[in-house]
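Colleague: To start, I am sharing the structure in question, which I have written as structure tokens.
Every number in this text was worked out from the coordinates using simple rules, so none of it is lab data. Every value quoted in this text rests on a predicted model; they were computed, and no experiment measured them. Cβ sites come from the backbone with ideal geometry, for glycine too, and all protein chains shown count toward neighbours.
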Amino acid sequence: MIAKKCLHIALLPLPFFLLFLIFSFFYYVFIPFAFFSFLFQLFFIFFFRDVKRNIGNGIISPADGKILYANGNKISIFMSLFDMHINLMPYDGKIKSMKYHKGMHKPAYGNVDKNERLEMEIESEIGEMKLVQIAGIFARRIVPYVKVGDYVKKGYKIGIIRFGSRVELYLPKNCEIIVKRGQKIKAGETVARLG
């Protein structure tokens, strides 16, 4: 299944593949172009995939990826080009505010203080959380699926970052983080529990 609001991008290489495929019947020189455009089409479908996940207990990971930082009340997750880029709600709560910041597109595994981002403040029964979606070097758009005032259940899809990116989750102080730096995780897996 293709991610919401991404079908037009996921199928972007398809017209090129079809065009080169037709040309290749008449001119063999177009066969490599048809082949590579087909590979690009497969990659785009793979990248914009929407995979159903089993939702864990406690506070869950909002994203697939690798833990860059997990200490205090902050968890930082780097999503490579090969991770699913749909982000999930980490815990039941209300979207209190959403602030979009234009910015740079530096690599998402490094210093991203000035990168494009969308900050969501979430009110929950265990305290306030903040989720930050950060665009990386290949990402060019953060697309939210929720709006201010929405009450969102844990595991619900809240948005997507198109291409390589990063998600940061700030938790209430009464939470115990159970993931570690360098760990690979999947969206929906437990990353913290109430202390």
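Colleague: If I fit a long axis through the Cα atoms of helix 14-24 and take the longest principal axis of the Cα atoms of the chain, what angle between them do I get, 0 to 90°, rounded to 10?
Modeller: 20 degrees
Colleague: What does the charge dipole of the chain about its Cα centre add up to, to the nearest 20 debye, if the Cβ of each Lys and Arg holds +1 and the Cβ of each Asp and Glu holds -1? It would help to have the intermediate numbers written out before the result.
Modeller: Values: 29 positive and 15 negative charges, 25 e Å.
Its charge dipole is roughly 120 debye.
Colleague: For a label point 7 angstrom out from the Cα of K184 toward its Cβ, which stretches of the stretch 85-120 have the backbone nitrogen within less than 17 Å?
Modeller: Zone members listed by number: 85.
Colleague: Turning to a different aspect of this structure: According to a simple spin-label model (label point 7 Å from Cα along Cα-to-Cβ), what is the distance in nm between F23 and R49?
Modeller: Going by the 7 Å Cα→Cβ label model, 3.0 nm.
Colleague: Here is a further query. Please give the Cα centre distance for the stretch 125-168 versus the stretch 175-195, rounded to the nearest Å.
Modeller: When both Cα centres are located, 17 Å separates them.
Colleague: Going by C-beta contacts inside 10 Å, put S97, S76, S165 in order with the fewest on the left. List each step's numbers first, then the result.
Modeller: Details: S97 12, S76 22, S165 31.
Going from sparsest to densest Cβ surroundings: S97, S76, S165.
Colleague: Tell me the relative contact order for the stretch 1-50 as a rounded percent, counting alpha carbon contacts under 8 Å between residues six or more apart.
Modeller: Relative contact order here is 52 percent.
Colleague: While we're looking at this one, here's another question. Along the three principal axes, how long is the stretch 7-110 when you take its alpha carbons, biggest first, rounded to the nearest angstrom?
Modeller: 62, 32, 25
Colleague: Turning to a different aspect of this structure: How high is the relative contact order of the chain, given as a whole-number percent (alpha carbon pairs under 8 Å, six or more residues apart)? Spell out each step's value before the answer.
Modeller: Details: 479 pairs, mean separation 49.7, N = 195.
Reported relative contact order: 25 percent.
Colleague: Of the options G93, N111, F82, report the single residue whose Cα projects farthest towards the positive end of the charge dipole of the chain (beta-carbon charges: Lys, Arg +1; Asp, Glu -1).
Modeller: The residue sitting most towards the positive pole is N111.
Colleague: If you don't mind, there's one more thing I want to ask. Kindly rank 8-14, 86-92 from highest to lowest mean number of other beta carbons found within 10 Å of each residue. Mind showing how you got there, number by number?
Modeller: Details: 8-14: 15.1, 86-92: 24.3.
Ranking, from highest mean packing down: 86-92, 8-14.
Colleague: Per 0.36 nm of contour for each residue apart, how much would the distance between I126 and Y69 grow if the chain were fully extended, relative to their Cα-Cα spacing? Write down the numbers at each step before the final one.
Modeller: Details: separation 57, 0.36 × 57 = 20.52 nm, distance 2.21 nm.
Stretched fully, the I126-Y69 segment lengthens by 18.3 nm.
Colleague: What number comes out for the charge environment of V179, summing +1 per Lys or Arg and -1 per Asp or Glu over other residues with Cβ under 14 Å away?
Modeller: Details: positive: K66, K74, K180, R181, K184, K186, R193; negative: D64, E168, E176, E189.
Net of charged neighbours comes to +3.
Colleague: Turning to a different aspect of this structure: Suppose R0 equals 30 Å; then what is the FRET efficiency for M1 and Y100 from their Cβ-Cβ distance, rounded to the nearest 0.05?
Modeller: 0.65
Colleague: With everything on Cα atoms, drop me the angle between helix 31-47 and the longest principal axis of the chain, reported from 0 to 90° to the nearest 10.
Modeller: Taking the Cα atoms of the chain, the angle to 31-47 is about 20 degrees.
Colleague: Rank these for me by crowding, V143, V29, V191, V51, going from fewest to most other beta carbons within 10 Å. Write out the running numbers ahead of the final one.
Modeller: Numbers: V143 18, V29 9, V191 25, V51 12.
Fewest-to-most ranking of V143, V29, V191, V51: V29, V51, V143, V191.
Colleague: Calculate the dipole size of the stretch 73-182 relative to its Cα centre from +1 charges on Lys and Arg beta carbons and -1 charges on Asp and Glu beta carbons; express the result in debye to the nearest 20.
Modeller: Working: 20 positive and 12 negative charges, 77 e Å.
Dipole of the stretch 73-182, to the nearest 20 debye: 360 debye.
Colleague: I've got another one for you. For the chain, what is the calculated [θ] at 222 nm in deg cm²/dmol (nearest 500), taking -39500 (n - 2.57) for each run of four or more DSSP H residues and dividing by its residue count? Walk me through the intermediate numbers first.
Modeller: On the way: 3 runs with 32 residues, N = 195.
After summing the helix terms and dividing by residue count, I get -5000 deg cm²/dmol.
Colleague: Here are labelled values, (1) 15.7, 49; (2) 15.5, 43; (3) 18.7, 68, and one is the computed Rg and Dmax of the Cα atoms in Å for what I pasted. Which one?
Modeller: (3)
Colleague: Given R₀ = 30 Å, what would the calculated FRET efficiency be for E176 paired with L14, taking r from the Cβ atoms and rounding to 0.05? Walk me through the numbers before you get to the answer.
Modeller: Numbers: r = 47 Å, r/R0 = 1.56.
FRET efficiency, E176 to L14: 0.05.
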